[in-house]
Every structure is written in structure tokens, then in C-alpha cells.
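For reference, the structure is listed below as C-alpha cells.
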Amino acid sequence: MPGVPAAGGYPAQPYAGYPGTFSAPPTQDPMWGYFTAVAGQDGEVDAEELQRCLTQTGISGTYTPFSLETCRIMIAMLDRDYTGKMGFSEFKELFAVLNGWKQNFAMVDRDCSGTVEPHEMSQCIANMGYRISPQALNAIIKRYSRSGKIYFDDYVACFVKLRALTGEGAIQIHTKLGYYNCAYYSYTFILCTMSL
């Protein structure tokens with residue numbers, strides 16, 4: 001199944017609630033087997049394990065493997081318990097998000113080169129529901145393009161940061177009259193965030 005880690009790799013782990021072991025397996029969830037094949041002794045996936053997993057699954061298609069830095073920021077995007085690793089639910093959510101981003105990337109990468117052109121990045125961003133200023137788009141392209149092209153790994157890193165800075169689509173700004181949801185992201189805000 002494309003986009004899902006191959007089974008195998010690590011020996012079967014006991015299903016117990018003690019530290020360093022897995023909790024009871026989710027019933028009938030095909031992702032559980034993939035997760036246990038990748039997760040370390042602690043029952044979580046770190047950046048290196050995620051990198052190996054994503055490379056083996058082929059989720060990046062014919063694209064180059066994910067960098068360790070991109071794997072780290074993907075984990076940080078979903079790391080709700082601040083362990084620097086992903087548990088099963090975070091792992092499962094990451095695959096759902098990655099599959100959505102991959103579909104969006106593939107719609108624009110019509111020549112299957114594994115890259116999008118800077119002018120196509122605007123379409124990718126709009127397809128994902130973001131509205132950004134031309135200056136912010138220019139900052140994103142300068143930050144994430146290599147030799148005038150944006151590779152899938154950099155594309156994912158960009159969308160991880162966009163998701164983080166927008167809170168999945170809306171920024172709440174506190175004013176005297178309450179909260180204001182922004183759907184148009186400014187150059188300064190994106191430039192500051194993307195440089196992190």
C-alpha cells in the first residue's frame with residue numbers, strides 16, 4: 001500500500017502499559033503494524049526512525065528521501081506531549097497529513113519531476129486553503145527553492161511551518177473587541193516564522 005510503512009524491521013514488542021513497552025494495540029488498525037515495525041523500544045518514533053520509515057514507504061514517490069531536519073519538524077508539528085518523538089496517534093495523523101500534501105504536490109507536478117516551479121507554489125498554497133500576500137509568497141520561494149525548483153522535502157517543510165504558524169488555517173488576534181480570525185497572512189509574519 002503506497003504511503004504506508006512496510007512491515008518488518010523491529011522484533012515484536014510486548015503489549016503492556018509499562019515504560020518502554022507498547023500499550024494495548026488498537027483493534028484492527030492496519031497502521032498499528034507499521035508503527036510497531038518502526039517504533040523503538042520506547043514505543044515511539046524519533047526523527048531517524050521516521051526518516052527510515054518514510055524512505056521505505058515511498059511516500060515521497062520518486063522524490064528524494066526526506067532530510068533529517070524535515071523529519072524533526074514533522075515530529076515537532078504533532079508532538080503534543082513534547083517528547084521529541086511520536087506516539088501511535090501522532091504517527092497516524094502524520095501519514096494522513098503527508099498523503100494530503102502529496103496529492104496536492106502531485107496535482108501541480110504534472111511532469112512528475114519531483115519538483116514544483118516557483119510560480120506553481122502559489123497554486124499549491126492556494127489549493128491548501130492559504131491566502132498569502134505576494135511578498136510572503138516571494139519569501140517562501142526564496143527560503144524553500146533550490147536552483148529555482150521546490151523539491152518535495154522542502155515543500156513538506158514549508159507546509160509544516162505554514163500549518164504551525166496558522167494554527168491549521170486561522171490566526172487569532174486578540175483585540176479590545178475580542179478575537180479576530182485572519183485568513184490573509186502578511187509578509188512580515190510569514191518571513192519571521194519561515195526563518196525559524
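Given R₀ = 22 Å, what would the calculated FRET efficiency be for D81 paired with L165, taking r from the Cβ atoms and rounding to 0.05? Calculated value: 0.55. Near D42, no amide H atom lies under 5 Å from its own; only residues 5 or more places off or on other chains count, and H is placed 1.01 Å from N. Among the protein heavy atoms, those of T115 account for about 10 Å² of accessible surface (1.4 Å probe, every chain in place). With the simple model of a label 7 Å out from the Cα in the direction of the Cβ, N99 to W32 spans 1.8 nm. In the calculated pair distance distribution of the range 50-119, what percentage of Cα-Cα distances lie above 20 Å? That tail contains 32 percent of the Cα-Cα pairs.
Applying the Karplus relation 6.51 cos²θ - 1.76 cosθ + 1.60 with θ = phi - 60° to the range 81-96 yields 3J(HN,Hα) values of 9, 6, 8, x, 9, 10, x, 4, 5, 5, 4, 5, 5, 4, 5, 5 Hz, where x marks Gly and Pro.
Kirkwood hydrodynamic radius of the range 68-161, from the reciprocal of the average inverse Cα-Cα distance over all distinct pairs: 14.0 Å.
The values are calculated or read from the model by the stated rules, or taken from the named source; none is laboratory data. Please read all numbers here as calculations on a predicted model, not as lab measurements. Because the Cβ atoms are built from the backbone with ideal geometry, glycine has one as well, and the counts that use them run over all protein chains shown. Just so you know, the surface numbers come from the protein's heavy atoms only, side chains and all, with ligands and any DNA or RNA stripped out. Shrake-Rupley method; radii C 1.70, N 1.55, O 1.52, S 1.80 Å.
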